[in-house]
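Undergrad: Below is one structure. I have some questions about it.
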Amino acid sequence: PKKKSMTYNNFKKILQHEISHLYLSQINNKFPSWFNEGFAMHNAHEFNINRKINISWNLLLRRIVDLKQLKGFLSASKPQSYLYYSQSGASIEAMIFYYGHDILDSILSYTKQDNNFNRAFLKATEGDTIDKFSVKYTSYLNNHFRFLFIYQFQKIIFFLIPFLLLLVWFYKK
């Protein structure tokens, strides 16, 4: 971390993220990219408010992509890659929201048994296909992140209020 000028906390998150990829590859090499990256982000606690705000802005700009389109993370542009990672993190949060906290363990367990992610997902969710989940996921994004971009205005507002008060004071004087 000292050589890369990063904090130990960031180094720890990167290490947890990459170890999660290693863990998944020991179970099965054929996880969809969105699940692979979302799982790693979930384990490293990287899905934070900045990522949620990023999703919110992209919802506003209609740049959100379907789960099946979440691939090619490293070859995408930096903003697109950031969005893809953010959406992957949100997909895991949505799975936990709809199917409970044990859903990841169930999917991994069934994948170990069958070696097929789609069938494991179907069993773990008790009948939901990935396509059905994709619809729920889109709904989750719209219901939970639609207006989070407003939080970014908080900084601007705290700067503008004193400035506006100062202007009003000068105007009154």
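The values are calculated or read from the model by the stated rules, or taken from the named source; none is laboratory data. Keep in mind the model is a prediction, meaning the values are calculated, not measured. Because the Cβ atoms are built from the backbone with ideal geometry, glycine has one as well, and the counts that use them run over all protein chains shown. Areas reflect the complete protein model, heavy atoms only, side chains present, ligands, DNA and RNA absent. Shrake-Rupley method; radii C 1.70, N 1.55, O 1.52, S 1.80 Å.
Undergrad: Roughly how many percent of the accessible protein surface of the chain is carbon and sulfur, given a 1.4 Å probe and a whole-percent answer? Mind dumping the intermediate values first?
TA: Details: 6560 of 11320 Å².
Carbon-and-sulfur percentage of accessible area, whole number: 58.
Undergrad: Count the net charge of all other residues whose Cβ sits under 10 Å from the Cβ of Tyr99, scoring Lys and Arg as +1 and Asp and Glu as -1.
TA: Charge balance near Tyr99 sits at -2.
Undergrad: Given R₀ = 22 Å, FRET efficiency for Thr7-Tyr82 by Cβ-Cβ distance, to 0.05?
TA: 0.65
Undergrad: Once the Cα gyration tensor of the stretch 1-71 is diagonalised, what are the square roots of 5 times its eigenvalues, in whole Å and ordered largest first, as equivalent ellipsoid semi-axes?
TA: Over the Cα atoms of the stretch 1-71, the semi-axes work out to 24, 20, 8 Å.
Undergrad: Within 10 Å, count the other beta carbons around each residue, average over each peptide in 64-70, 82-88, and list them highest first.
TA: Highest-to-lowest ranking by the protection proxy: 82-88, 64-70.
Undergrad: Any idea what angle helix 8-27 forms with the longest principal axis of the chain, computed on alpha-carbon atoms, 0 to 90 degrees, nearest 10?
TA: Tilt relative to the chain: about 30 degrees.
Undergrad: Also, quick follow-up: 7 Å from Cα along Cα→Cβ at both Val135 and Asn48: what's the point-to-point distance in nm?
TA: According to this spin-label approximation, the distance is 3.6 nm.
Undergrad: Between Leu166 and Trp57, what length in nm is gained on full extension when 0.36 nm per residue of separation is reduced by their alpha carbon distance? Could the numbers behind the result be given before it?
TA: Values: separation 109, 0.36 × 109 = 39.24 nm, distance 3.12 nm.
Full extension of this stretch gives 36.1 nm more.
Undergrad: Please list 21-32, 118-129, 160-171 highest first by mean number of surrounding beta-carbon atoms within 10 Å per residue.
TA: Answer by packing, highest mean first, reads 118-129, 21-32, 160-171.
Undergrad: Between the stretch 99-152 and the stretch 21-47, what is the separation of their alpha carbon centroids in Å?
TA: One Cα centre to the other: 13 Å.
Undergrad: Per Stokes-Einstein, at 20 °C and 1.002 mPa s, what whole-number D in µm² s⁻¹ belongs to the stretch 1-143, with the Kirkwood radius over Cα pairs as the hydrodynamic radius?
TA: Stokes-Einstein gives a translational diffusion coefficient of 137 µm²/s.
Undergrad: Local charge sum around Leu166 (other residues, Cβ-Cβ under 13 Å, Lys/Arg +1, Asp/Glu -1)?
TA: +2
Undergrad: How far is helix 78-99 tilted, in degrees, relative to the longest principal axis of the Cα atoms in the chain, given as a value from 0 to 90 rounded to the nearest 10?
TA: The answer is roughly 60 degrees.
Undergrad: Where does the stretch 33-98 land on Rg(C-alpha)/(2.2 N^0.38 Å)?
TA: Numbers: Rg = 10.8 Å, N = 66, 2.2 N^0.38 = 10.8 Å.
Relative to the rule-of-thumb radius for its length, the stretch 33-98 sits at 1.00.
Undergrad: Taking +1 at the Cβ of each Lys and Arg and -1 at the Cβ of each Asp and Glu, which of Pro32, Gly100, Thr125 sits farthest along the dipole of the chain towards its positive end, judged by Cα position relative to the Cα centre?
TA: Pro32
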